[in-house]
Amino acid sequence: MLKIFYVIIIVLFVSKIVCGYNLRDSFLNRGNSHTFLNKLAFNLVDHNEFSINAGTPSVDYEPLYPWLMSAAYSISGAGWLALTIIQALLHSITSFMIYMLAKKMWNETAGFFAGLFHAFYPYFFTYSLSIYDTTLFVFLVFMTIWILLRDKLSMKHFILSGIFTGLAFLTRGTMIVFLIPLLVYCFYIVWKKKNITQAVIACTVIIGMNIITQLPWLMRNKNLTGQFMISTHGPFGFWQGNNDYSYEYLSKNISLDEIYRRNPPPEIYRKYPMKSREPKEAVAVAGEFQKEAVEWIKTHPQDFIKLAFLKVQKLWTWNRNPASSNLAYGTNEGREIVHKISYLPLLLLSPIGLFFLWKKNIPAALLIIGIVCCFTGAHAIVMGFTRARLPLDPLLMILTGIAVAGFSERFSNHKLIKG
């Protein structure tokens with residue numbers, strides 16, 4: 001099965017490069033290219049500085065993905081080639097890790113189907129061809145999980161997992177919802193196999209290496225703003241998900257980004273429009289958006305709870321949301337069909353896979369439950385779109401692979417008994 005899997009992965013890798021070549025003219029306009037990511041990458045290449053406008057340091061975004069973009073642009077110019085190859089490679093490696101994780105949790109059949117699902121999953125396949133940090137983030141998350149789910153954990157595993165979690169934080173701050181369950185899992189496993197002292201040491205090493213990995217960036221931002229921080233990205237998303245317009249937009253499957261584009265715009269956005277700012281000013285403005293969101297929650301507690309339930313429903317629904325305004329690469333109806341075909345098997349089979357896994361490996365099952373609960377809880381507070389759920393989908397693929405393998409085993413045993 002592993003040989004067949006390798007062949008499929010190689011064929012898919014080549015197909016991504018072919019697709020990237022055919023779509024090369026639109027590369028700089030796809031994905032999150034409408035954000036400041038390209039400006040950050042270009043200024044890293046041209047001026048060796050992390051800035052949206054040359055000469056003004058930026059603290060608006062997590063740095064790792066723009067750095068990856070700039071490295072790619074330095075290799076092949078401001079185009080599709082290097083970044084597509086890098087992301088296609090990361091996607092392929094992640095498929096292999098999904099294979100190995102499901103194999104370890106269950107068997108090779110589970111690994112084969114889980115890895116195959118990840119390799120063919122439309123969102124991961126297409127995101128690896130565009131300007132999205134999803135491919136990098138998912139790779140870092142599952143590299144960490146793969147390292148910590150070894151039979152014999154040692155100091156090198158704790159050091160490596162700390163480095164990879166640090167890199168994941170420098171890609172997306174939402175890594176926190178993965179780190180907490182991973183630390184709990186690591187503490188429990190080391191405690192059971194060794195002792196509580198070793199468990200404390202293991203978690204301390206992971207946290208320490210995490211901080212050390214982030215430290216150069218944290219110190220840079222401390223010098224610029226007076227605060228240890230990764231980016232100002234979070235408060236804006238927090239406000240988008242908690243204001244007078246959030247429920248209306250979310251219930252109608254309209255992107256919360258459109259709230260900024262209202263005419264007239266919300267009062268806070270009229271006062272602080274989205275633009276490049278000096279670092280200290282950027283922190284102050286982010287604080288104003290956060291304060292506005294917190295105030296709204298305090299004054300609308302019932303609406304906040306109602307909105308939280310809606311966010312959870314939108315995060316996990318089989319109906320794709322939000323509706324896309326860019327229809328250059330297919331209609332919303334077509335995207336809806338693709339979403340249902342690819343996601344419904346995960347939604348239906350993953351609970352069965354979790355049931356099977358629970359009977360065989362309770363700590364691994366609890367790790368997955370912990371990650372899912374933390375992730376869902378965080379998005380009940382911030383914002384809940386199906387696209388935000390993507391980092392969880394590989395876990396669902398592992399469980400789906402286990403469900404398929406479990407059913408296969410039972411069917412085979414039934415045939416043997418009957419025969």
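Tell me, yes or no, whether the range 116-129 has at least one residue that is of a type in the set (Val, Ile, Thr) and either in contact with a helix residue (DSSP H, G or I) (Cβ under 8 Å, 6 or more places away or on another chain) or at positive phi (or both).
No, the range 116-129 contains no residue that is of a type in the set (Val, Ile, Thr) and either in contact with a helix residue (DSSP H, G or I) (Cβ under 8 Å, 6 or more places away or on another chain) or at positive phi (or both).
Determine which member of the set ASN43, ASN53 is buried (at least 22 other Cβ atoms within 10 Å of the Cβ), out of contact with any helix residue (DSSP H, G or I) (no Cβ under 7 Å at 6 or more places or on another chain) and of a type outside the set (Ser, Thr, Tyr). Break it down into steps so the answer makes sense when it comes.
Numbers: ASN53 fails: buried (at least 22 other Cβ atoms within 10 Å of the Cβ).
One residue alone meets the criteria, ASN43.
Quick check on VAL184: is it surrounded by fewer than 19 Cβ atoms within 10 Å (Cβ to Cβ) and touching a residue at least 40 places away in the same chain (Cβ under 8 Å)?
So VAL184 passes the test.
From the list LEU90, LEU101, LEU136, which residue is aliphatic (A, V, I, L, M), within 30 Å of ARG277 (Cα to Cα) and part of a helix (DSSP H, G or I)?
LEU136
Identify, by number, the condition in (1) over 30 Å from THR317 (Cβ atoms); (2) in a helix (DSSP H, G or I); (3) among the aromatic types (Phe, Trp, Tyr) that TYR185 doesn't meet.
Just one mismatch for TYR185, condition (1).
Quick check, is ILE212 surrounded by 20 or more Cβ atoms within 10 Å (Cβ to Cβ), of a type in the set (A, V, I, L, M) and either closer than 27 Å to ALA378 by Cα or touching a His at 6+ places or on another chain (Cβ under 8 Å) (or both)? Steps first, answer last, please.
Working: surrounded by 20 or more Cβ atoms within 10 Å (Cβ to Cβ): no; of a type in the set (A, V, I, L, M): yes; either closer than 27 Å to ALA378 by Cα or touching a His at 6+ places or on another chain (Cβ under 8 Å) (or both): yes.
It is false that ILE212 is surrounded by 20 or more Cβ atoms within 10 Å (Cβ to Cβ), of a type in the set (A, V, I, L, M) and either closer than 27 Å to ALA378 by Cα or touching a His at 6+ places or on another chain (Cβ under 8 Å) (or both).
Of the residues THR331, THR317, only one is touching a residue at least 12 places away in the same chain (Cβ under 8 Å) and of a type in the set (Ser, Thr, Tyr); which?
Unique residue meeting the criteria: THR317.
Kindly indicate which of THR213, THR204 is in contact with a Gly (Cβ under 9 Å, 6 or more places away or on another chain), part of a helix (DSSP H, G or I) and hydroxyl-bearing (Ser, Thr, Tyr).
THR213
Filter the range 222-257 for residues that are farther than 19 Å from GLN290 by Cα and part of a helix (DSSP H, G or I) and give the result. First the steps, then the outcome.
Kept after step one, since they are farther than 19 Å from GLN290 by Cα, are these residues of the range 222-257: 222-224, 248-255.
Answer for the range 222-257, where residues must be farther than 19 Å from GLN290 by Cα and part of a helix (DSSP H, G or I): LYS222, ASN223, LEU224, GLU248, TYR249, LEU250, SER251.
Of the conditions (1) within 24 Å of the chain's Cα centre (by Cα); (2) in a helix (DSSP H, G or I); (3) at pLDDT below 95, SER350 clears all except one; give me its number.
Of everything listed in (1) within 24 Å of the chain's Cα centre (by Cα); (2) in a helix (DSSP H, G or I); (3) at pLDDT below 95, SER350 misses just condition (3).
Could you tell me whether the range 284-293 includes any residue that is within 24 Å of the chain's Cα centre (by Cα) and surrounded by fewer than 19 Cβ atoms within 10 Å (Cβ to Cβ)? First the steps, then the outcome.
Applying the first criterion (within 24 Å of the chain's Cα centre (by Cα)) to the range 284-293 yields 286, 289-290, 293.
Adding the requirement that they be surrounded by fewer than 19 Cβ atoms within 10 Å (Cβ to Cβ) leaves 290.
Looking for residues that are within 24 Å of the chain's Cα centre (by Cα) and surrounded by fewer than 19 Cβ atoms within 10 Å (Cβ to Cβ), one finds at least one in the range 284-293, hence yes.
Can you tell me which residues in the range 198-246 are in contact with a Phe, Trp or Tyr (Cβ under 7 Å, 6 or more places away or on another chain) and without any contact (Cβ under 8 Å) to a residue 12 or more places away in the chain?
LYS222
Looking only at the range 137-147, decide whether some residue is within 16 Å of the chain's Cα centre (by Cα) and among the polar types (S, T, N, Q).
The answer is yes, given that some residue of the range 137-147 is within 16 Å of the chain's Cα centre (by Cα) and among the polar types (S, T, N, Q).
Looking at the range 138-160, can you tell me whether even one residue there is of a type in the set (Lys, Arg) and crowded, with 17+ Cβ neighbours inside 10 Å?
No; the residues of the range 138-160 include none that is of a type in the set (Lys, Arg) and crowded, with 17+ Cβ neighbours inside 10 Å.
Only residues in the range 1-18 that are farther than 18 Å from ALA102 by Cβ count as the first member; pair them with residues that are outside any helix (DSSP H, G or I), Cβ under 8 angstrom, at least 6 apart or cross-chain, and list the lot.
Close Cβ pairs satisfying both conditions: LYS16/SER128; LYS16/LEU129.
Looking only at the range 258-272, which residues are part of a helix (DSSP H, G or I) and loosely packed, with under 15 Cβ neighbours inside 10 Å?
Residues satisfying the conditions are GLU258, GLU267, ARG270, LYS271.
Among the residues of the range 165-201, how many are among the hydrophobic types (A, V, I, L, M, F, W, C), in contact with a Gly (Cβ under 9 Å, 6 or more places away or on another chain) and more than 30 Å from PRO66 (Cβ to Cβ)?
Here the count works out to 1.
Pairs please, first residue from the range 39-67 and farther than 16 Å from ALA286 by Cβ, second anywhere and surrounded by fewer than 18 Cβ atoms within 10 Å (Cβ to Cβ) and among the hydrophobic types (A, V, I, L, M, F, W, C), Cβ atoms under 6 Å, 6+ apart in sequence or on different chains.
From the range 39-67, the pairs are ASN43/ALA54; HIS47/ALA54.
Is it true that THR174 is in contact (Cβ under 8 Å) with a residue 40 or more places away in the chain, under 16 Å from the mean Cα position of the chain (by Cα), closer than 18 Å to THR94 by Cβ and in a helix (DSSP H, G or I)?
Against the criterion (in contact (Cβ under 8 Å) with a residue 40 or more places away in the chain, under 16 Å from the mean Cα position of the chain (by Cα), closer than 18 Å to THR94 by Cβ and in a helix (DSSP H, G or I)), THR174 qualifies.
When you go through GLY115, GLY111 one by one, which is the residue that is touching a Ser or Thr at 6+ places or on another chain (Cβ under 6 Å), touching a residue at least 24 places away in the same chain (Cβ under 8 Å), in a helix (DSSP H, G or I) and not aliphatic (A, V, I, L, M)? So that I can check it myself, show each step before the final result.
Working: GLY111 fails: touching a Ser or Thr at 6+ places or on another chain (Cβ under 6 Å).
Just a single option satisfies the conditions, and that option is GLY115.
Sort out which residues of the range 141-170 are in a loop (DSSP other than H, G, I, E, B), closer than 17 Å to MET97 by Cβ and not hydrophobic (A, V, I, L, M, F, W, C), and write them in order of number.
Matches in the range 141-170: ARG150, ASP151.
Test GLY353 against the stated conditions and say whether it is at positive phi and of a type outside the set (Phe, Trp, Tyr). Explain how you work it out, then say what you get.
Details: at positive phi: no; of a type outside the set (Phe, Trp, Tyr): yes.
The answer is no for GLY353.
Looking only at the range 305-328, decide whether some residue is more than 27 Å from ALA403 (Cα to Cα), hydroxyl-bearing (Ser, Thr, Tyr) and part of a loop (DSSP other than H, G, I, E, B).
Yes: the range 305-328 contains one or more residues that are more than 27 Å from ALA403 (Cα to Cα), hydroxyl-bearing (Ser, Thr, Tyr) and part of a loop (DSSP other than H, G, I, E, B).
The values are calculated or read from the model by the stated rules, or taken from the named source; none is laboratory data. None of these values were measured; they are calculated from a predicted model. Quick reminder, even Gly has a Cβ in these numbers, built from the backbone with ideal geometry, and neighbours come from all protein chains shown.
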